[in-house]
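This report concerns only the one structure given below.
The values are calculated or read from the model by the stated rules, or taken from the named source; none is laboratory data. Worth saying up front: this structure is predicted, and the values here are computed from it rather than measured. When we count neighbours, we look across all protein chains shown, and the Cβ atoms used for this are built from the backbone with ideal geometry, even at glycine.
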Amino acid sequence: MEGRVSVIQPLRRVLADVYGELAPDRTILGTTVLPAKHLRFGGKEFKNDDFFLASAQSEAQRLVRRCGLSKASVVLDVGCGVGRLPIGILDQVGDIRVYRGVDVHSKSIRWCKLHIEGSHPSFQFRLIDVKNRCYNPDGSPLSDSFRLPFDDSSFDIIYLYSVFSHMMPDDVSVYLGEFSRLLRPEGKVFLTAFLEEGVPDAVENPPDYRMKWNGPLHCVRFNLSFFTGLVRDAGLRLSEFEYGQETDGQSAIYLSRTAVVGPTQP
Ligand SMILES: C[S@@+](CC[C@H](N)C(=O)[O-])C[C@H]1O[C@@H](n2cnc3c(N)ncnc32)[C@H](O)[C@@H]1O
């Protein structure tokens with residue numbers, strides 16, 4: 001029986017890869033091009049076209065209402081996947097001054113370049129070669145000297161939906177340090193993560209927590225105080241926290257810089 005299981009799983013993966021290469025990579029809903037279902041991340045609900053588009057639109061609206069997103073904004077989307085946020089921004093706001101999406105997953109970046117960047121040149125996507133045991137197992141491990149390929153103080157909004165939910169704390173710290181470098185003085189970071197009180201600092205695939213987690217980094221759950229400490233150490237400040245309302249029970253967090261950089265007092 002065990003032998004059969006060990007053959008079936010790799011076989012399933014090969015068949016999924018073959019299907020992924022042969023099947024159409026997009027679907028059209030109204031006038032909007034969406035990634036084909038098999039390319040989308042997230043739970044089963046994201047396989048529904050209407051749900052996927054509505055979630056993209058509401059993420060864009062969230063940034064409008066809570067982070068001041070406008071046509072003049074400069075936005076960084078870390079772990080952009082197959083472009084859910086930029087699809088929503090284009091639908092709700094239109095072309096904006098600068099949008100940059102980065103991800104470690106080459107197929108997703110390929111899709112975004114082909115279907116978004118091609119027709120919206122201010123929206124650009126870049127593959128970064130960072131190891132993630134789930135999404136890019138052969139990438140380079142992050143070190144403290146890692147830099148995202150952008151200038152200091154260049155972004156109004158940095159956005160990560162369901163990305164720290166798949167990263168261990170050492171990597172999260174390096175990224176938070178980078179956000180502190182990249183964020184403009186009045187800028188905001190929005191992110192989601194699994195955050196709880198009264199639990200160990202960080203646990204990968206915690207048993208008996210919300211659902212059954214399978215495979216590397218499927219769920220990384222943080223202790224809220226520990227996570228807030230990482231934020232503080234990076235020179236950022238937790239400005240708003242909304243518990244458990246996001247995908248699979250993640251919480252929403254808004255960060256700003258600890259101190260607004262400005263002219264020094266005499
Ligand atoms: C659950 S998906 C979310 C995708 C997208 N943010 C969304 O909400 O539709 C997680 C994404 O994070 C990306 N990711 C994982 N580790 C990363 C890292 N270290 N840097 C950038 N992206 C990463 C994955 O490749 C994947 O695209």
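Looking at the stretch 27-53 only, could you name the residues that are within 14 Å of the ligand (Cβ to nearest atom) and either under 15 Å from Leu90 (Cβ atoms) or touching a Cys at 6+ places or on another chain (Cβ under 8 Å) (or both)?
Leu34, Pro35, Phe52, Leu53
Kindly evaluate Val199 against the criterion of being in a strand (DSSP E or B) and touching a strand residue (DSSP E or B) at 6+ places or on another chain (Cβ under 7 Å). Even if it seems obvious, please write down each step before you answer.
On the way: in a strand (DSSP E or B): no; touching a strand residue (DSSP E or B) at 6+ places or on another chain (Cβ under 7 Å): yes.
It is false that Val199 is in a strand (DSSP E or B) and touching a strand residue (DSSP E or B) at 6+ places or on another chain (Cβ under 7 Å).
Given the residues Leu236, Leu148, which is the only one that is in contact with a strand residue (DSSP E or B) (Cβ under 6 Å, 6 or more places away or on another chain) and crowded, with 19+ Cβ neighbours inside 10 Å?
On the way: Leu148 fails: in contact with a strand residue (DSSP E or B) (Cβ under 6 Å, 6 or more places away or on another chain).
The match here is Leu236.
Just wondering, is there one or more residues in the stretch 178-189 that are within 20 Å of Lys71 (Cα to Cα), polar (S, T, N, Q), surrounded by 15 or more Cβ atoms within 10 Å (Cβ to Cβ) and at pLDDT 95 or above?
Of the stretch 178-189, the ones within 20 Å of Lys71 (Cα to Cα) are 182-189.
Applying the additional criterion that residues be polar (S, T, N, Q) yields none.
For the stretch 178-189, residues within 20 Å of Lys71 (Cα to Cα), polar (S, T, N, Q), surrounded by 15 or more Cβ atoms within 10 Å (Cβ to Cβ) and at pLDDT 95 or above: absent.
Residue-by-condition table, conditions (1) touching a strand residue (DSSP E or B) at 6+ places or on another chain (Cβ under 9 Å); (2) small (Gly, Ala, Ser); (3) modelled with pLDDT under 95; (4) surrounded by fewer than 18 Cβ atoms within 10 Å (Cβ to Cβ):
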{"residue": "Val64", "(1), (2), (3), (4)": "no, no, no, yes"}
{"residue": "Gly68", "(1), (2), (3), (4)": "yes, yes, no, yes"}
{"residue": "Lys71", "(1), (2), (3), (4)": "no, no, no, yes"}
{"residue": "Cys80", "(1), (2), (3), (4)": "yes, no, no, no"}
{"residue": "Asp91", "(1), (2), (3), (4)": "yes, no, no, yes"}
{"residue": "Gly94", "(1), (2), (3), (4)": "no, yes, no, yes"}
{"residue": "Arg97", "(1), (2), (3), (4)": "yes, no, no, yes"}
{"residue": "Ile109", "(1), (2), (3), (4)": "yes, no, no, no"}
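Restricting to the stretch 169-190, name every residue that is assigned to a helix (DSSP H, G or I) and more than 13 Å from the ligand (Cβ to nearest atom).
Looking only at the stretch 169-190, we keep the residues that are assigned to a helix (DSSP H, G or I), and these are 169-182.
Correct list: Gly177, Ser180, Arg181, Leu182.
Quick check on the stretch 38-55: of everything there that is at pLDDT below 95 and in a loop (DSSP other than H, G, I, E, B), which residue is surrounded by the fewest Cβ atoms within 10 Å (Cβ to Cβ)?
Gly43
Given Gly68, Gly94, Gly79, Gly30, which one is within 15 Å of the chain's Cα centre (by Cα) and of a type in the set (Gly, Ala, Ser)?
Details: Gly68 fails: within 15 Å of the chain's Cα centre (by Cα); Gly94 fails: within 15 Å of the chain's Cα centre (by Cα); Gly30 fails: within 15 Å of the chain's Cα centre (by Cα).
Going through Gly68, Gly94, Gly79, Gly30 in turn, the sole match is Gly79.
When residues of the stretch 96-106 are filtered for being within 14 Å of Asp129 (Cα to Cα) and out of contact with any Asp or Glu (no Cβ under 9 Å at 6 or more places or on another chain), how many remain?
2
Determine whether Gly187 is in contact (Cβ under 8 Å) with a residue 60 or more places away in the chain and not aromatic (Phe, Trp, Tyr).
On the way: in contact (Cβ under 8 Å) with a residue 60 or more places away in the chain: yes; not aromatic (Phe, Trp, Tyr): yes.
Yes; evaluated as a whole, the condition is true for this residue.
Among (1) touching a Leu at 6+ places or on another chain (Cβ under 8 Å); (2) touching a residue at least 40 places away in the same chain (Cβ under 8 Å), there is one condition Phe41 misses while meeting the rest; what is its number?
(1)
Here is a check on your reading of the model: is Ser143 surrounded by fewer than 19 Cβ atoms within 10 Å (Cβ to Cβ), of a type outside the set (D, E, K, R) and within 23 Å of Asp201 (Cβ to Cβ)? Walk me through how you get there before you give the answer.
On the way: surrounded by fewer than 19 Cβ atoms within 10 Å (Cβ to Cβ): yes; of a type outside the set (D, E, K, R): yes; within 23 Å of Asp201 (Cβ to Cβ): yes.
Criteria met by Ser143.
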